[in-house]
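For reference, the structure discussed in these notes is given below.
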Amino acid sequence: MNNPPSKEELIISIINFLENDIISELKGQKRFHAHVAKNSLNIVLRQLRLEKENNSKEKKRLKEILKIEGNLKDLNQILCEKINNEEIDINNDELIDHLYKTTMEKLSIDQPNYSGYLAEKK
Amino acid sequence: MNQTKKDIKDFLISKDIKFSSIFEIDKLPGGSSNETWIIKYKNDSCVEKIVLRRHFQGIRNIDNEYPPLSLKIESDVMIAAYDEKIPVPKILYRTESKSNLGEGFFMEFIEGVALGNKIVDNNFLKSKKVNLSEQCGYHLSKIHKINHKKLENIQKSEAIDEFRKYFEIYKNYNLSIPVFDFSFKWLEKNIPNNEKLHLLHGDFRNGNILMSEETGIKSILDWELLHLGDPHEDLAWICVNSWRFGKMNKPVGGFGERKDFYNSYEKESNFKINKKSIQFWEVLGTLKWGIMCLKMYDAYKSGYDKSVDRAAIGRRSSETEIDLLRLITKEFLDE
């Protein structure tokens, strides 16, 4: 086990550094890139907090739909194949429900301010 | 002065002696297949500008699986549009592929705002009489009416071609994104009929239209994706949520209403817009942007562009997933 700070604290310290000291000093493309860098760190931070729970929920649903065991990557690949070869119908309610839930979980990490995410959350 | 800048200056002076007063030449950042240069010169103590567009280092990359459109064809179409009084930059001089500058063209510089997030600001327009959606409908119908039979070598790409192209790009990345497969399957089952080929702009969206606060549309830019196809493709692309810059309740580019856009288009063109076709192209447009995000990330992964934004943009592909699900499974056009 490592000594403090935690990985979250380290990331937060860089986010604050970028926001308070760096971005205001820059112009043009470098300023834009510093913004993007800050956003990327925020994604990592949210992923550290949410990924484990999101992935376990996604895996549980996939196993119920596909009725097989496997890791998340393989299960997703099999789901894609079954959609492609029409073994699973795209009007299947269980499928649509799973796709909505998974997408909302992804966006809770990637882009929780996205207009489509906020509209669906209502 | 580097060689390209010298070539630009020499070329322009050979056309008009007024260009002896050129004092600044800059290449704009970005653009992987084409370069854009801004040239400044003095005319009676006023600073004037013109723009050069040419292929990357003057050479059209035909090794690429989807090579960029020849700038000869792009300028042919822009000239045809200009002749029809569609607001586009006037082409001033063209350069040949065998010349020092390679294939490209010089065009007039037009002042205005093209930044999408500025245009969607409620306070952007100073005049309440201007309706940007109506202007978009009017000008787009004029683009679609251009007589393309007079123009040569314009590629055709209809629903099935666009579907296949993006499906192939997605499959080549070997990723498993179930919402994308779900959306491709829906598209495959909903390919619309199109009776007549029209000339399409191919990238008609907020961000590619130069606007003024007083009069609205000043110039329609970025013609490099032009092709022949179904008019619904252009009509849908500007309404894709990714181009609303956060203003989801303004379906046309984040600034306007569908009814104003469609009514003015139909009035000018006598073309009846089909709701099912719009839905198909809006789904395909959304998916296309999701796949383009992955494509831009791929430029990072391959080492071609190591910038921080090329890495991050891959994660924006999930934004399109929620839009795709809502477009396909909820009542369409109820906004």
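The values are calculated or read from the model by the stated rules, or taken from the named source; none is laboratory data. Every value quoted in this text rests on a predicted model; they were computed, and no experiment measured them. We place every Cβ from the backbone using ideal geometry, glycine too, and count neighbours over all the protein chains shown. Side chains included, ligands, DNA and RNA excluded: accessible areas come from the protein's heavy atoms. Shrake-Rupley method; radii C 1.70, N 1.55, O 1.52, S 1.80 Å.
In deg cm²/dmol, rounded to 500, what helix-only [θ] at 222 nm does chain B give when every DSSP H run of at least 4 residues adds -39500 (n - 2.57) and the total is split over its residues?
For chain B, the value works out to -12000 deg cm²/dmol.
Taking the Cα-to-Cβ direction at A:Lys30 and at B:Glu84 and moving 7 Å from each Cα, how far apart do the two end points lie in nm?
A separation of 4.6 nm, rounded to one decimal place.
Convert each backbone phi in region B:195-209 into a coupling constant with the Karplus relation 6.51 cos²θ - 1.76 cosθ + 1.60 (shift: θ = phi - 60°), then list the ³J(HN,Hα) values in order as whole Hz, x for Gly and Pro.
Once θ is set to phi - 60°, the couplings for region B:195-209 become 7, 9, 6, 10, 6, 10, 6, x, 8, 7, 7, 4, x, 10, 10 Hz.
Expressed as a whole percent, how much of the Cα-Cα distance distribution for the protein assembly as shown exceeds 28 Å?
Everything past 28 Å amounts to 58 percent.
Please find the FRET efficiency linking B:Asp44 to B:Asn153, where r is the Cβ-Cβ separation and R0 is fixed at 41 Å, and quote it to the nearest 0.05.
That pair, B:Asp44 with B:Asn153, gives E of 0.50.
What does region A:7-121 give for Rg and for Dmax, in Å, if only its C-alpha atoms count?
Rg then Dmax for region A:7-121, in Å: 18.6, 56.
Divide the volume of the convex hull of the Cα atoms of chain B by its number of residues and quote the answer in cubic angstrom per residue.
153
How many Cβ atoms of partner chains, on average, are near each residue of B:304-314 if near means within 10 Å of its Cβ?
Partner Cβ neighbours, averaged per residue: 3.
Please give me the summed charge of the neighbours of B:Leu210: other residues whose Cβ is under 15 Å from its Cβ, Lys and Arg +1, Asp and Glu -1.
Overall, the nearby charge balance is 0.
Mind checking how much accessible area B and A bury in total, 1.4 Å probe, in Å² rounded to 100? All intermediate terms of the calculation are to be shown ahead of the outcome.
Details: alone 17450 and 9260 Å², together 23890 Å².
Chains B and A together bury approximately 2800 Å².
How large is the charge dipole for region A:7-122, taken about the Cα centre, if only the Cβ atoms of Lys, Arg (+1) and Asp, Glu (-1) carry charge, to the nearest 20 debye? Please report the intermediate quantities before stating the final value.
Numbers: 20 positive and 21 negative charges, 91 e Å.
Charge dipole of region A:7-122: 440 debye, to the nearest 20.
What angle do you read, to the nearest 10 degrees and between 0 and 90, between the alpha-carbon axis of helix B:275-301 and the longest principal axis of chain B?
Computed tilt is about 60 degrees.
Label B:Ala299 and A:Met1 with points 7 Å out from Cα along Cα→Cβ: what is the distance between them in nm?
4.6
Report, to the nearest 10°, how far helix B:317-329 tilts away from the longest principal axis of the Cα atoms in chain B, using its own Cα long axis and a range of 0 to 90°.
40
Choose one of A:His35, A:Asn91, A:Leu66: the residue whose Cα lies farthest towards the positive end of the charge dipole of chain A (beta-carbon charges +1 Lys, Arg; -1 Asp, Glu; about the Cα centre).
Highest projection toward the positive end goes to A:His35.
Enter the mean number of other protein chain beta carbons within 10 Å of the beta carbon of each residue in A:100-107, as an integer.
That average works out to 5.
Given just the C-alpha atoms of region B:3-108, how large is their convex hull per residue in cubic angstrom?
Each residue corresponds to 115 Å³ of Cα convex hull volume.
I'd like the mean, over residues of A:35-46, of how many other protein chain beta carbons sit within 10 Å of each residue's own Cβ.
Per residue, the average neighbour count from other chains is 2.
When the Cα centres of region B:277-335 and region B:1-48 are compared, how far apart do they sit, in Å?
About 36 Å separates the Cα centre of region B:277-335 from the one of region B:1-48.
For B:Leu92, list long-range residues whose amide hydrogen, built 1.01 Å from N in the peptide plane, is under 5 Å from its own amide hydrogen.
So B:Leu92 has HN proximity to B:Phe106, B:Met107, B:Glu108.
What's the angle, to the nearest 10 degrees (0 to 90), between helix B:258-269's Cα axis and the longest principal axis of chain B?
It works out to around 70 degrees.
About the Cα centre, and with charges only on the beta carbon of Lys, Arg (+1) and Asp, Glu (-1), how big is the dipole of region B:116-329? Nearest 20 debye, please.
280
State the answer as a single residue: which of B:Gly104, B:Thr4, B:Ile86 lies farthest towards the positive end of the charge dipole of region B:1-118, with beta carbon charges of +1 for Lys and Arg and -1 for Asp and Glu, about the Cα centre.
Positive-end residue among those listed: B:Thr4.
When chain B is treated as a GNM, springs tying every alpha-carbon pair under 10 Å, which of B:Gly58, B:Gly285, B:Gly229 comes out with the largest mean-square fluctuation?
It is B:Gly58.
Would you work out which of B:Val120, B:Tyr138, B:Tyr166 lies farthest towards the positive end of the dipole of region B:87-193, given +1 charges on the beta-carbon of Lys and Arg and -1 on that of Asp and Glu, about the Cα centre?
The listed residue farthest towards the positive side: B:Tyr138.
Rounded to the nearest 0.05, what FRET efficiency do B:Ile13 and A:Ile43 give with R0 = 56 Å and r taken as the Cβ-Cβ distance? Could you check? Numbers along the way, then the final one.
On the way: r = 51 Å, r/R0 = 0.91.
For B:Ile13 and A:Ile43, the calculated efficiency is 0.65.
So if I take the centroid of the Cα atoms in region A:36-91 and the same for region B:144-193, what is the distance between those two points in Å?
26
Two-decimal Rg/Rh of region B:34-73 from alpha-carbon positions, Kirkwood Rh?
Reported Rg/Rh, Kirkwood definition of Rh: 1.21.
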